[in-house]
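Report on the structure given below.
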Amino acid sequence: MNRRDVLRMVGGSSLVGLAGCTGLFETRSAQAPPLPENRPDAVYYPTHYEGMKMPRMKEQGGYKCALTYSYAHRFWLMKPNGITKVEIQPEDSIHLMPVVWETQTGIIPPDVNPQLTITQDGESVDQFAPWPMLSQPMGFHFGDNAQLQGDGTYTIEVSIGGPSTRRTGSLAENQGNASFTFDFDFSESTLNEISYTDIPDDREGTKGAVALMDMEMLPNSQVPTPDALPGDVRGSGTSGDAKFVVTVLDDASRFGGDEEQKYLAVSPRTPYNRTMLPMMSLSATLQRDGTSVFDEILQATIDPDLRYHYGTMVADVQTGDELTITVDSPPQTARHEGYETAFVDMPDVQVTL
């Protein structure tokens, strides 16, 4: 049985039942206070938020990778039977987050699926594929709690695979398959220097979000504001507390169509922070004068200008057309506190173009 199987089995265990295991775990559990009562089915202010450290950055094959870490976190997984909570475990040392982005555009692709191998003095310490995650201060990232063996120097290899999401423009040439090796000097005292900010009791659990942190040399996972999107922005709607912005481009040739076709793009984002919402399944119906003129899936696509979005070619879009966006499956990402109750139950979005 591997560590991820163990996490899934004990995900419902209480902190009270485990808090006496080790002094290390008592320190970790102190970073996870009780969740707010009556959390809304929306984005809400969490109990606290934390900073992070970035010891190293590397570049290879058209990508850059920064190794970042913070305190071990509780988080939630999207599973077929609903949201499953993953608690901090006694062996968890840090929350390890390899941030990978496309060098030319700064876009953080959600489909490169990093694999992490941690060794010390040539001996295996931990090996896992971090989860794709949504965090209010961090945005979209890959992360998981890692198990180290105390203070010391570790070698961490991050390998990424080829893309599985359609790429357009200059991004179409970047096929991934790169690896980055870091020497990581870890100490408990340095970990404990990372900031920890408590949110006042009267604010936690209310609708809103912690702002994205300023990560200095690192890009963020925001999508463009509506007025910065290319094309003709025709409207927006909300579902599950996510905002969906619709824009129409006159020339669909770079998306696999031709210049006579239109490209209809849907750009979902979190409220407050405009973080991209990847790993969804969307379809759309376009009606004109009560008659359906389009009824197909929307393809997840990464474009240098539209960034991560869902789109399709259509013959034409006319003023007054009715667009129905159906969320066939919500974002299949893990969530940090403040996002786990949002983007789950997502009814259809209606937009008059």
Margin query: Rounded, prolate or oblate for segment 285-334? Axes are the square roots of the Cα gyration tensor eigenvalues, ordered a ≥ b ≥ c, and the cut-off for rounded is a/c under 1.5.
Written below: oblate
Notebook entry, point to check: What percentage of the solvent-accessible surface of segment 111-257, computed with a 1.4 Å probe over protein heavy atoms, is contributed by carbon and sulfur atoms?
Noted result: 41 percent
Next item on the list: Just check segment 162-272 against the gyration tensor rule for me: Cα atoms, a ≥ b ≥ c as the square roots of the eigenvalues, rounded for a/c under 1.5, and otherwise prolate or oblate depending on whether a/b exceeds b/c.
Entry: oblate
Notebook entry, point to check: Using only helices, what value at 222 nm comes out for the chain when you add -39,500 (n - 2.57) per DSSP H run of length 4 or more and divide by the total residues, to the nearest 500 deg cm²/dmol?
Noted result: -1500 deg cm²/dmol
Checklist line | Two-decimal Rg to Rh for segment 245-294 - Kirkwood Rh, Cα set | finding: 1.04
Checklist line | Karplus-derived 3J(HN,Hα), 6.51/-1.76/1.60, for each residue of segment 100-109, Hz, glycine and proline x | finding: 10, 9, 6, 4, 5, 9, x, 6, 8, x
Checklist line | Calculated diffusion of segment 215-353, Stokes-Einstein form, Kirkwood radius summed over Cα pairs, 10 °C and 1.306 mPa s, µm²/s | finding: 103 µm²/s
Next item on the list: For Met217 and Tyr196, calculate 0.36 nm times their separation in residues minus their Cα-Cα distance, and state this gained length in nm to one decimal.
Entry: 5.4 nm
Next item on the list: State whether segment 210-250 is rounded, prolate or oblate according to the following rule on the C-alpha gyration tensor (a ≥ b ≥ c being the square roots of its eigenvalues): a/c under 1.5 gives rounded; otherwise a/b larger than b/c gives prolate, and the remaining case gives oblate.
Entry: oblate
Margin query: Probe of 1.4 angstrom, ligands and nucleic acids ignored: what's the accessible area per residue over the chain, in square angstrom?
Written below: 42 Å²
Item checked: Extension reserve of the Thr153-Asn38 stretch, reckoned as 0.36 nm per residue once the Cα distance is removed -> 37.1 nm
Check: When you count, for each residue, the other Cβ atoms within 10 Å and take the mean per peptide, how do 182-192, 40-50 rank with the highest first?
Finding: 40-50, 182-192
Note to self: How big is the chain along each principal axis, measuring the range of its Cα positions in Å and listing the largest first?
What the structure shows: 67, 47, 37
Note to self: From the mean inverse distance of alpha carbon pairs (Kirkwood) and the Cα radius of gyration, derive Rg over Rh for segment 36-114.
What the structure shows: 1.03
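The values are calculated or read from the model by the stated rules, or taken from the named source; none is laboratory data. Model, not experiment: these values are computed from the prediction. For neighbour counting, all protein chains shown are included, and Cβ atoms are generated from backbone atoms with ideal geometry for every residue, glycine included. The protein model used for the area step is the full one, side chains on, heavy atoms only, and it has no ligands, DNA or RNA in it. Shrake-Rupley method; radii C 1.70, N 1.55, O 1.52, S 1.80 Å.
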